[in-house]
Amino acid sequence: MGIKANITDINSNICIAKVRYHRTKDVIKLIVVSKTRTVNEINKAYQTGLSHFGENYCQEAVDKIKIIDNPSIKWHFIGPIQSNKTKQIANYFDWVHTIDRIKIAQRLNDARPENSPPMNVCVQINISGETSKSGIKLQEVNDFIEEIKHLKKLKLRGLMALPSLSNDFNTQKKSFAKIRLCLEKLKKTMPELDTLSIGTSQDMEAAIAEGATMLRIGTAIFGSRNKNI
Ligand SMILES: *Cc1c(COP(=O)(O)O)cnc(C)c1O
């Protein structure tokens, strides 16, 4: 199937899931994960009406962003962040989903151009325990947020997590429930938090069931990636 047909399919699955989980009033944004994809593929997805794109590798992304040169596209950085890449990320992206170190948050804040709006950021949570090195533990979230919330050029929007490794719906749902609960607690003192970035091609339905406001979908749109990432 082509990109356009895949996107039609995904949109209809999102609609069905929104009805099933009583979320018809909510906006759930589809982020097209375009790592390893060509400029041509990105433009095809854009032409279907999608304008939020997610990239994992800074250099690859910046090269494509410059060529595509489309101010209507919002670029989301969703990969691990190396300190020497913070300047480029701060210059070329609208969102960063993978904040899990104070030092990186500070560098992004300091490198954000004065005339750009604050960078939208999510704190990455490690919900899968030891299996992944990135993301902070749920019990560390409060302290972490205290340290980054004064950074003027960052706008904290919510939480993000990678998929649980399981293919089982109930296991996925249980693991997403933890981050949902965490966000709900944070919202009591920070009602402006509006983003739960969970859900990929393999666990979109469980994510919608547990309150996702942003889905990050690659494979289901473009087919499987050649590189093992
Ligand atoms: C690659 C990636 C995705 C997309 O995963 P698919 O299975 O291709 O939909 C989502 N989030 C992150 C952080 C990724 O690295």
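Figures for the structure shown
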read-out: Scan of the stretch 191-217 for residues that are of a type outside the set (A, V, I, L, M, F, W, C), within 13 Å of ARG23 (Cβ to Cβ) and open to solvent by 10 Å² or more (accessible area, probe 1.4 Å), ordered by number; value: GLU205, GLU210, GLY211, THR213
read-out: Any hit, the stretch 2-21, residues being of a type in the set (D, E, K, R), closer than 24 Å to GLY79 by Cα and open to solvent by 20 Å² or more (accessible area, probe 1.4 Å); value: no
read-out: Close pairs (9 angstrom Cβ cut-off, 6 or more residues apart or separate chains): more than 16 Å from ASN43 (Cα to Cα) and small (Gly, Ala, Ser) in the stretch 3-19, assigned to a helix (DSSP H, G or I) and open to solvent by 40 Å² or more (accessible area, probe 1.4 Å) anywhere; value: ALA17/GLU205
read-out: Any hit, the stretch 37-54, residues being within 17 Å of the chain's Cα centre (by Cα) and acidic (Asp, Glu); value: no
read-out: In the stretch 157-171, the residues that are modelled with pLDDT of 95 or more, at negative phi and under 19 Å from the mean Cα position of the chain (by Cα); value: ARG157, LEU159, MET160, ALA161
read-out: Those residues of the stretch 60-88 which are over 21 Å from LEU196 (Cα atoms), in contact (Cβ under 8 Å) with a residue 12 or more places away in the chain and of a type outside the set (D, E, K, R), in sequence order; value: ALA61, VAL62, ILE65, ILE67, ILE68, ASN70, SER72, GLN82, SER83, THR86, GLN88
read-out: Test: residue in the stretch 214-229 that is more than 10 Å from the ligand (Cβ to nearest atom) and of a type in the set (Val, Ile, Thr); value: no
read-out: Residue list for the stretch 76-100, filter: away from the ligand (no atom under 14 Å from the Cβ), open to solvent by 10 Å² or more (accessible area, probe 1.4 Å) and either more than 17 Å from LEU156 (Cβ to Cβ) or of a type in the set (A, V, I, L, M, F, W, C) (or both); value: GLN82, SER83, ASN84, LYS85, LYS87, GLN88, ASN91, TYR92
read-out: Cβ pairs under 6 Å, 6+ apart, first in the stretch 24-50 and over 23 Å from LEU196 (Cα atoms) and in contact (Cβ under 8 Å) with a residue 12 or more places away in the chain, second open to solvent by 60 Å² or more (accessible area, probe 1.4 Å) and part of a helix (DSSP H, G or I); value: VAL39/ILE67; THR48/LYS4
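Each row is one residue, and each column tells you yes or no for (1) touching a helix residue (DSSP H, G or I) at 6+ places or on another chain (Cβ under 9 Å); (2) over 18 Å from LEU215 (Cβ atoms); (3) of a type in the set (Gly, Ala, Ser).
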{"position": "CYS58", "(1), (2), (3)": "yes, yes, no"}
{"position": "ASN70", "(1), (2), (3)": "yes, yes, no"}
{"position": "GLY79", "(1), (2), (3)": "yes, no, yes"}
{"position": "THR86", "(1), (2), (3)": "yes, yes, no"}
{"position": "ASN115", "(1), (2), (3)": "no, yes, no"}
{"position": "PRO118", "(1), (2), (3)": "yes, yes, no"}
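The values are calculated or read from the model by the stated rules, or taken from the named source; none is laboratory data. Just so we're clear, the structure is a prediction, and the values are computed from it rather than from any experiment. A quick note on method: Cβ atoms are made from the backbone with ideal geometry, for glycine too, and the neighbour counts reach across all protein chains shown. Only protein heavy atoms, including side chains, enter the accessible area calculation; ligands, DNA and RNA are left aside. Shrake-Rupley method; radii C 1.70, N 1.55, O 1.52, S 1.80 Å.
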